[in-house]
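Peer 1: Structure in structure tokens, see below.
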Amino acid sequence: MEEHGMSREGIESLLQEKKLKDLSYESVLSSMCTYPHEISAYAHNKFLESNLGDSGLFPGTKEMEDEVIRMIGALLGNENAFGYISTGGTESNIQAIRAIGNRKRREGLSEMNIIVPETAHFSFDKIADILGIEVRKAALDEELKVAVNSVEELINDKTICVVGIAGTTEFGQIDPLKEISEIAKEKDIFLHVDAAFGGFVIPFLEEKYEFDFSLEGVSSISIDPHKMGMSTIPAGCMLFREELYLEELAVPTPYLTTKEQCSLIGTRSGASVAATFAVLKYLGREGLKGIVSECMRLTRMLVRGAKEIDIPPVIEPVMNVVTLSFPATEVGRVANALEGRGWRVSVTRVPKALRLVIMPHVKEETVKTFLEDLEDVV
Ligand code: 0PR
């Protein structure tokens, strides 16, 4: 830091210089984040100083959080769910496993494992590390959904939780949650659904999928307003069916305005809570549905265009994630060539494929130009 501060103009031009180095989302097809809705940005700015880590100082923000939990709970089949607005899918996943882990430890279990699909987000590797819990990875079926028999085979007397994914990070696939829910119920095992991406997509698809609290076996859900919920970063949402699991996360906070805290982090943005509240109120289900419908229209258009140039999808897209099949030796070259033309794309692990996420910042023109570049490059 310099001894003397800079002028306001100096700072503004410095910021502008840095801003120009960042990519703008228009050419980004690799991200699950997007521009926040204008109303989210407005609300975020209005509540910049709000800290839900000491929520007694910000009862207005806390009211918004409570209502957001009710709104998202209702969207996911349970308006009486218990939870809070987290920093994102990683925190929500950690907290779900921490909650059931704490409970089982108090019941006397010392060695524990959880079962996740092979497609699980890398946040589960962090969970293994932080919580010292074995993470067992269940195999997939040919449609890249978790194979139910593999889940069953991996369950033993140390299994405290099974995880299902509603919208896998790489392929946008939905695990057979109805079947998994039945197993969880029958064996009395906690079932966590990672709907970080899919939570704001699946309820608005034409095809109906069972994935949420309407399935009796589902104990907790992670869903991210900062992905398809059009809110600002950081906004995740952790929901439990039963309050006792939220209580498992509570630590006493003697000198604060509240007696205890359940979130993983202390100081916690009220701004992104206000943003989430505002955008959900502003758009309503109809508005969110419109956004998902447009993303899905462009997803179908992209897949159709790719098929016309003989590039098949790995799976028919379930949501707005497209994975295109290339020989393993080709996919890296194609991705690099596309990046050379200014696109940002990603490559999946197994099977190797070119991965494109059709977020709300992707427009029809973008898809057309991308398809032309793709044809050129191959
Ligand atoms: N669960 C699932 C199913 C996810 O897809 C993700 C993130 C998470 C959990 C973790 O969420 P947070 O990152 O909010 O903690 N999926 C994306 C990914 O890792 C996140 C992302 C977003 C990556 C934008 C890149 C990017 O530009 O691929």
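The values are calculated or read from the model by the stated rules, or taken from the named source; none is laboratory data. Since the structure is predicted, the reported quantities are computational estimates derived from the model, not experimental observations. With ideal geometry, Cβ positions are generated from the backbone for all residues, glycine too; neighbour counts draw on all protein chains shown. These area figures cover heavy atoms from the full protein model, side chains too; ligands, DNA and RNA do not enter into them. Shrake-Rupley method; radii C 1.70, N 1.55, O 1.52, S 1.80 Å.
Peer 1: Quick check, is LEU264 surrounded by fewer than 20 Cβ atoms within 10 Å (Cβ to Cβ), within 16 Å of the ligand (Cβ to nearest atom), in a loop (DSSP other than H, G, I, E, B) and in contact (Cβ under 8 Å) with a residue 40 or more places away in the chain?
Peer 2: Answer is yes for this residue.
Peer 1: With respect to the numbered conditions (1) in a loop (DSSP other than H, G, I, E, B); (2) surrounded by fewer than 24 Cβ atoms within 10 Å (Cβ to Cβ), which one is the sole condition not fulfilled by LEU283?
Peer 2: It fails just one condition, (1).
Peer 1: Okay, moving on. Given (1) open to solvent by 60 Å² or more (accessible area, probe 1.4 Å); (2) of a type outside the set (A, V, I, L, M); (3) without any contact (Cβ under 8 Å) to a residue 60 or more places away in the chain; (4) out of contact with any helix residue (DSSP H, G or I) (no Cβ under 9 Å at 6 or more places or on another chain), where does SER150 come up short, assuming only one miss?
Peer 2: (1)
Residue-wise test of (1) charged (D, E, K, R); (2) over 17 Å from the mean Cα position of the chain (by Cα); (3) in the same structural domain as GLY266 (by TED's automatic domain parsing).
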{"site": "ILE69", "(1), (2), (3)": "no, no, yes"}
{"site": "LEU76", "(1), (2), (3)": "no, no, yes"}
{"site": "ILE94", "(1), (2), (3)": "no, no, yes"}
{"site": "ALA99", "(1), (2), (3)": "no, yes, yes"}
{"site": "LYS104", "(1), (2), (3)": "yes, yes, yes"}
{"site": "GLU107", "(1), (2), (3)": "yes, yes, yes"}
{"site": "SER123", "(1), (2), (3)": "no, no, yes"}
{"site": "ILE130", "(1), (2), (3)": "no, yes, yes"}
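Peer 1: I'm checking my understanding of the structure. Among residues of region 160-182 that are of a type outside the set (D, E, K, R) and in a helix (DSSP H, G or I), which one is nearest to the ligand (Cβ to nearest atom)?
Peer 2: LEU177
Peer 1: Filter region 311-348 down to residues that are open to solvent by 30 Å² or more (accessible area, probe 1.4 Å), touching a strand residue (DSSP E or B) at 6+ places or on another chain (Cβ under 7 Å) and not hydrophobic (A, V, I, L, M, F, W, C) and give me whichever is nearest to VAL28 (Cα to Cα).
Peer 2: ARG344
Peer 1: Given the options GLY132, GLY108, name the one that is out of contact with any Leu (no Cβ under 6 Å at 6 or more places or on another chain), closer than 24 Å to GLY266 by Cα and open to solvent by 10 Å² or more (accessible area, probe 1.4 Å).
Peer 2: Answer to the check: GLY132.
Peer 1: Would you tally the residues in region 4-44 being small (Gly, Ala, Ser), within 13 Å of the ligand (Cβ to nearest atom) and in contact with a helix residue (DSSP H, G or I) (Cβ under 9 Å, 6 or more places away or on another chain)?
Peer 2: Adding up the residues that qualify gives 2.
Peer 1: Quick one: in region 58-83, of everything that is within 16 Å of the ligand (Cβ to nearest atom) and open to solvent by less than 10 Å² (accessible area, probe 1.4 Å), which residue is farthest from GLU210 (Cα to Cα)?
Peer 2: Looking at residues that are within 16 Å of the ligand (Cβ to nearest atom) and open to solvent by less than 10 Å² (accessible area, probe 1.4 Å), I get ILE72.
Peer 1: Checking SER55 against (1) open to solvent by 30 Å² or more (accessible area, probe 1.4 Å); (2) of a type outside the set (Phe, Trp, Tyr); (3) away from the ligand (no atom under 16 Å from the Cβ); (4) touching a Ser or Thr at 6+ places or on another chain (Cβ under 6 Å), only one condition comes out false. Which one?
Peer 2: All conditions are met except number (1).
Peer 1: Looking at region 233-243, is at least one residue in a helix (DSSP H, G or I) and either within 16 Å of the ligand (Cβ to nearest atom) or in the same structural domain as ALA81 (by TED's automatic domain parsing) (or both)?
Peer 2: Yes; the residues of region 233-243 include at least one that is in a helix (DSSP H, G or I) and either within 16 Å of the ligand (Cβ to nearest atom) or in the same structural domain as ALA81 (by TED's automatic domain parsing) (or both).
Peer 1: Report those helices (runs of 4 or more DSSP H) wholly inside region 1-96 carrying at least 1 residues which are at pLDDT 95 or above and within 22 Å of ARG268 (Cα to Cα).
Peer 2: Counting at least 1 such residues, we get 38-46, 59-75.
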